Ligand code: CA
């Protein structure tokens, strides 16, 4: 699920990117409306988070323009509380949901999940690597039609690697993901999990490459 985050507040944008990446969304940031429009022409997104107070244009204007172009992506609007009442009509015309600042990240997470469910009908998205398949709604990892047997932590590590398909994931990021699941980690725990996962996924044309100092990359062996 690719999110375009249009937000000029760097602290908020970084926090959101961090949180959303950790739960498996892929986030691309734009700090101006013009850059957001450029990105929308250049690549596909599944959802937009739009701040209304942008430096180069009014977010509401951008919202109208996008809808005018028949852009049907779900859009979640972020707006300052004071601004909200004046704008509610405009927002409700173009946005699928809105949140007033400040908000709790957890609430945004819940709203996003709900929005994705509403707009993509359950968002059962299958990510494939080699002959492994991750169902992002049930969090199940299948291999050749059967559930891959892994411990809960190993499955969580493999899930984050699959979610970020094609990207190098640092050990810290994996640790953060696991700690979201309420686990405290021993030193070297990630290496141990990776070692076990490697063995487990080898028959399914998938492998994990270690990039020194950077992290891990899950690769398909079917492409070769
Ligand atoms: Ca702003």
Margin query: Checking residue 112 against (1) in contact with a helix residue (DSSP H, G or I) (Cβ under 7 Å, 6 or more places away or on another chain); (2) at pLDDT 80 or above, only one condition comes out false. Which one?
Written below: (1)
Next item on the list: Spot the failing condition for residue 18; the list is (1) away from the ligand (no atom under 12 Å from the Cβ); (2) at pLDDT 95 or above; (3) within 19 Å of the chain's Cα centre (by Cα), and only one is missed.
Entry: (2)
Next item on the list: Can you run down the residue pairs with Cβ atoms below 7 Å, 6 or more apart or on separate chains, where the first is in the stretch 3-15 and free of Cβ contacts under 8 Å to residues at least 60 places away in the same chain and the partner is in a helix (DSSP H, G or I) and near the ligand (Cβ under 10 Å from one of its atoms)?
Entry: 5/13
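What do you reckon, is residue 83 within 16 Å of the ligand (Cβ to nearest atom) and exposed (fewer than 15 other Cβ atoms within 10 Å of the Cβ)? Explain how you work it out, then say what you get.
Details: within 16 Å of the ligand (Cβ to nearest atom): yes; exposed (fewer than 15 other Cβ atoms within 10 Å of the Cβ): no.
So residue 83 fails the test.
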Item checked: Extreme residue, surrounded by the most Cβ atoms within 10 Å (Cβ to Cβ), among residues of the stretch 1-13 that are under 15 Å from the mean Cα position of the chain (by Cα) and within 14 Å of the ligand (Cβ to nearest atom) -> 6
Margin query: Could you tell me how many of the residues in the stretch 29-41 are exposed (fewer than 15 other Cβ atoms within 10 Å of the Cβ) and in contact with a helix residue (DSSP H, G or I) (Cβ under 7 Å, 6 or more places away or on another chain)?
Written below: 0
Check: Taking into account only those residues within the stretch 21-41 that are assigned to a helix (DSSP H, G or I) and within 16 Å of the ligand (Cβ to nearest atom), which is farthest from the chain's Cα centre (by Cα)?
Finding: 34
Check: Residues in the stretch 42-75 that are within 16 Å of the ligand (Cβ to nearest atom), assigned to a loop (DSSP other than H, G, I, E, B) and touching a helix residue (DSSP H, G or I) at 6+ places or on another chain (Cβ under 7 Å): how many?
Finding: 4
Next item on the list: Starting from the stretch 47-60, keep only residues that are closer than 23 Å to residue 116 by Cβ and in contact (Cβ under 8 Å) with a residue 40 or more places away in the chain, then list their pairs with residues that are in a loop (DSSP other than H, G, I, E, B) and within 11 Å of the ligand (Cβ to nearest atom) whose Cβ atoms are within a distance under 6 Å, requiring at least 6 positions of separation or different chains.
Entry: 51/7; 59/52
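The values are calculated or read from the model by the stated rules, or taken from the named source; none is laboratory data. Note that the structure is predicted; figures quoted are calculated from it, not measured. Quick reminder, even Gly has a Cβ in these numbers, built from the backbone with ideal geometry, and neighbours come from all protein chains shown.
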